Amino acid sequence: LPSPIPWSLTQPVTPDLLVSPSSQDGDLGSECPEDRGNWTGRLDFLLSCIGYCVGLGNVWRFPYRAYTNGGGAFLVPYFIMLAICGIPIFFMELSLGQFSSLGPLAVWKISPLFKGVGMGTILIVSLVAIYYNMIIAYVLFYLFASLTSDLPWQHCGNWWNTDLCLDHHVIKAGNNTLPVNISNTVSPSEEYWSRYVLHIQGSSGIGDPGRIRWNLCLCLLLSWTIVYLCILKGVKSSGKVVYFTATFPYLILVMLLIRGVTLEGAWKGIQFYLTPQFDHLLSSKVWIEAALQIFYSLGVGFGGLLTFASYNTFHQNIYRDTFIVTLGNAITSILAGFAIFSVLGYMSQELGVPVNQVAKAGPGLAFVVYPQAMTMLPLSPFWSFLFFFMLLTLGLDSQFAFMETIVTAVTDEFPYYLRPKKASFSAVICIALFLMGLILTTEGGMYWLVLLDDYSAGFGLMVVVITTCLVVTRVYGMKRFCRDIHMMLGFKPGPYFRACWMVLSPATMMALLVYNIVKYQPSEYGNYRFPTWAEVLGILMGVLSCLMIPMGMVVAVLQEEGTLWERVQQASRPAMDWGPSLEENRTGVYVASLAGSQSPKPLMVHMRKYGGITSYENTAIEVDREMEEDDEEESM
């Protein structure tokens with residue numbers, strides 16, 4: 001008799017490639033790079049992007065820009081610029097971050113010669129983070145001041161008021177008898193802001209900061225503490241906080257909007273905001289203003305989008321997310337305009353003056369005009385608290401993004417040393433930026449804030465974005481970049497995106513840059529003109545971020561070997577380990593180029609993990625085939 005067949009051989013053998021992931025020993029790792037961390041929920045990324053883009057500028061810059069640049073007609077250049085500049089660059093930044101899973105410094109493995117662009121970005125973001133948190137500190141100050149039965153900026157007669165102070169209740173009473181001349185008077189809210197909150201009378205100018213205002217200093221400390229606690233665990237903690245900070249402002253905005261449009265005279269303000277003046281469209285200024293609004297509102301170039309996308313899984317649909325965030329941001333700006341101008345219309349009727357005399361932009365709107373309007377409403381402390389709480393939540397999630405960008409950029413550069421100590425490193429950064437921001441809490445701090453606001457993210461930011469656009473399309477190559485997106489999303493970007501990336505976006509931003517330089521105007525705050533040394537300091541802030549680019553080039557060239565031209569060529573090529581961070585996502589040219597790479601075909605890893613071929617593997621096979629065809633063409 002033949003010897004019996006061992007039982008183990010009678011069992012069907014599952015080929016190693018087809019073993020299900022659960023039966024493996026876990027040697028394949030997960031879809032996410034574990035050591036770096038990832039978003040923990042499906043909506044974390046989307047809400048973080050919305051929270052980052054929808055910030056204070058939507059409330060205090062857009063409505064004013066719209067009314068000064070043709071009212072409703074401003075929406076025409078606004079949406080055209082959104083299509084040419086906003087959406088394509090937004091998508092490019094998300095693609096770079098998600099494809100490489102790297103922060104804004106390490107992502108320049110794509111072309112190490114231009115690593116200085118990343119350094120410029122970090123410098124800009126650090127300067128912005130310093131003064132942005134000071135604005136949040138002012139908001140906190142007003143938030144606490146609203147917790148009273150009578151708002152402190154409601155009446156004159158306080159120690160900080162002057163003889164010029166005129167209460168609106170007096171004006172209203174005066175309208176019934178004798179008209180009151182208000183041209184040489186100041187509202188209680190304006191004196192509260194400048195003489196009590198800022199105590200600006202204690203400083204003669206930017207060179208004389210005066211004493212530290214301790215109540216502002218404590219508010220700044222509180223705002224840094226809140227920011228630190230929210231980014232303590234990186235995107236795992238901030239990704240949860242944004243569920244509140246990104247959605248709650250919409251609830252308050254709707255409440256303010258409903259309250260605003262039900263006020264007497266509201267339509268006067270809305271009419272003022274939206275009446276189209278199409279003759280404005282012939283002016284280049286309006287188109288430039290629209291592009292600037294898009295540029296700063298979406299936060300392109302600050303590295304926040306790239307950082308957030310770098311925590312995504314490799315196949316996240318960022319194409320869809322791009323349209324949700326950019327269009328959502330535009331709609332929010334328009335809605336905020338209704339909420340602001342309906343109240344300004346009511347206020348102009350109460351004061352008996354035209355709307356354009358009460359309309360302001362920037363901090364003047366948030367800390368003077370709107371608080372004054374609140375005092376005219378019943379339950380004024382409640383509406384005031386709501387308004388400042390909305391500003392707080394709007395500001396905080398933008399600040400999370402700035403901090404996450406700085407921390408991620410540096411930890412990705414030194415992952416072995418800093419990643420395990422990320423919480424301590426975040427604390428060091430927060431403390432350093434808090435100490436640098438102390439000058440903003442002095443009596444002359446507002447002058448420094450205006451200087452930082454005007455120069456930190458001006459032409460330097462535009463140079464960074466233009467360079468990024470040109471490097472990705474010209475140096476790295478449009479074909480290669482589209483192939484990377486195809487590998488990641490399963491389809492190539494269409495002709496609209498390619499045309500914008502190649503020509504339209506860089507050309508528009510070049511025009512913006514030239515316009516900004518030609519139409520340069522020195523900074524001012526109210527009637528105060530900044531001295532020459534302050535102007536020079538401001539310009540140096542902008543120039544320094546641009547100088548990072550040639551400095552980075554020199555360092556990259558010195559690290560290579562050969563003649564100067566050979567060094568430049570080598571430094572401009574992608575680094576060996578450029579590409580997807582996980583081995584299973586590396587196909588085609590990216591196969592086995594990671595340090596310590598074992599697998600000859602990551603496709604096999606994919607099949608072993610998922611038990612078959614998915615649409616993404618089909619894409620990977622297509623991409624490989626395309627690359628082979630390209631290589632054959634080149635060799636011929």
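The values are calculated or read from the model by the stated rules, or taken from the named source; none is laboratory data. Just so it is clear, the model here is predicted, and its values are computed rather than measured. Using ideal geometry, Cβ is built from the backbone for each residue, glycine included, and neighbour counts are taken over all protein chains shown. Protein only, heavy atoms only, side chains kept; ligands, DNA and RNA dropped before computing areas. Shrake-Rupley method; radii C 1.70, N 1.55, O 1.52, S 1.80 Å.
Go through region 522-586 and name the trypsin sites (Lys or Arg not before Pro) that are in a DSSP coil and have 16 or fewer other Cβ atoms within 10 Å of their Cβ.
Those that pass, being in a loop and sparsely packed, number zero.
What whole-number value in Å² describes the accessible area per residue of region 291-367 for a 1.4 Å probe?
Counting only protein heavy atoms, the per-residue value for region 291-367 is 24 Å².
Scan the chain and hand back the longest stretch that contains none of the GluC sites (Glu not before Pro) lying in DSSP loops with at most 11 other Cβ atoms within 10 Å.
Answer - 265-560.
Anything over 18 Å Cα to Cα? Flag those among Lys285/Lys519; Lys109/Lys421; Lys360/Lys519, in the order listed.
As for pairs spanning more than 18 Å Cα to Cα, those are Lys109/Lys421; Lys360/Lys519.
Which value, in Å² and to the nearest 10, is the accessible area of Ser149 when all protein chains are kept and the probe is 1.4 Å?
Here the accessible area works out near 110 Å².
If you line up the long axis of helix 478-489 against the longest principal axis of the chain, both from Cα atoms, how many degrees apart are they, to the nearest 10?
80
Taking a 1.4 Å probe, which of Thr68, Thr532 shows the most accessible area, and what order do the others take after it?
The ordering from most to least exposed comes out as Thr532, Thr68.
Using the Karplus equation 6.51 cos²θ - 1.76 cosθ + 1.60 (θ = phi - 60°), what ³J(HN,Hα) coupling, rounded to whole Hz, does each residue of region 353-370 give in order, writing x for Gly and Pro?
Once θ is set to phi - 60°, the couplings for region 353-370 become 10, x, 4, 5, 7, 9, 6, 9, 10, x, x, x, 6, 6, 10, 10, 5, 5 Hz.
Using 0.36 nm per residue, how much length does the chain from Asp35 to Lys236 gain when fully extended, once their Cα-Cα distance is taken away?
Difference between extended and current length: 71.1 nm.
What is the angle, in °, between the Cα long axis of helix 87-100 and the longest principal axis of the Cα atoms in the chain? Nearest 10 is fine, range 0 to 90.
For 87-100 against the chain, the angle is about 40 degrees.
Across the chain, where is the longest run that never hits chymotrypsin sites (Phe, Trp or Tyr not before Pro) in a DSSP loop with at most 13 other C-beta atoms within 10 Å?
160-490
Name the residues whose placed amide hydrogens come within less than 5 Å of the amide hydrogen of Val186, ignoring near sequence neighbours (fewer than 5 apart) on the same chain.
Cys165, Leu166
With the other protein chains left in place, how much accessible area per residue, in square angstrom, belongs to region 390-522 at a 1.4 angstrom probe?
So region 390-522 comes to 36 Å² accessible per residue, rounded to a whole number.
At 1.4 Å probe size, put Val503, Val59 in order of accessible surface, largest to smallest.
Greatest to least solvent exposure: Val503, Val59.
Could you work out what % of the accessible surface of the chain is carbon and sulfur, using a 1.4 angstrom probe and leaving DNA, RNA and ligands out of the count?
Carbon and sulfur atoms account for 65 percent of the accessible area of the chain.
For the chain, take the longest principal axis of its alpha carbons; what is the angle in degrees between that and the long axis of helix 615-635, to the nearest 10 within 0 to 90?
70
May I ask for the distance between the Cα centers of region 297-360 and region 207-248, given as a whole number of Å?
21
Thr442's amide H: which non-local residues (gap 5+, or another chain) put their own amide H closer than 5 Å, with H modeled 1.01 Å from N in plane and none for Pro or chain starts?
Sorted by chain and number, the residues that satisfy this are Arg213.
Mind grabbing the accessible area of Thr563 for me, 1.4 Å probe, Å², rounded to tens?
80
Got a sec to turn the phi values of region 465-470 into Karplus ³J(HN,Hα) couplings, 6.51 cos²θ - 1.76 cosθ + 1.60 with θ = phi - 60°, whole Hz, x for Gly and Pro?
Once rounded to whole Hz, the list reads 5, 4, 4, 4, 4, 5.
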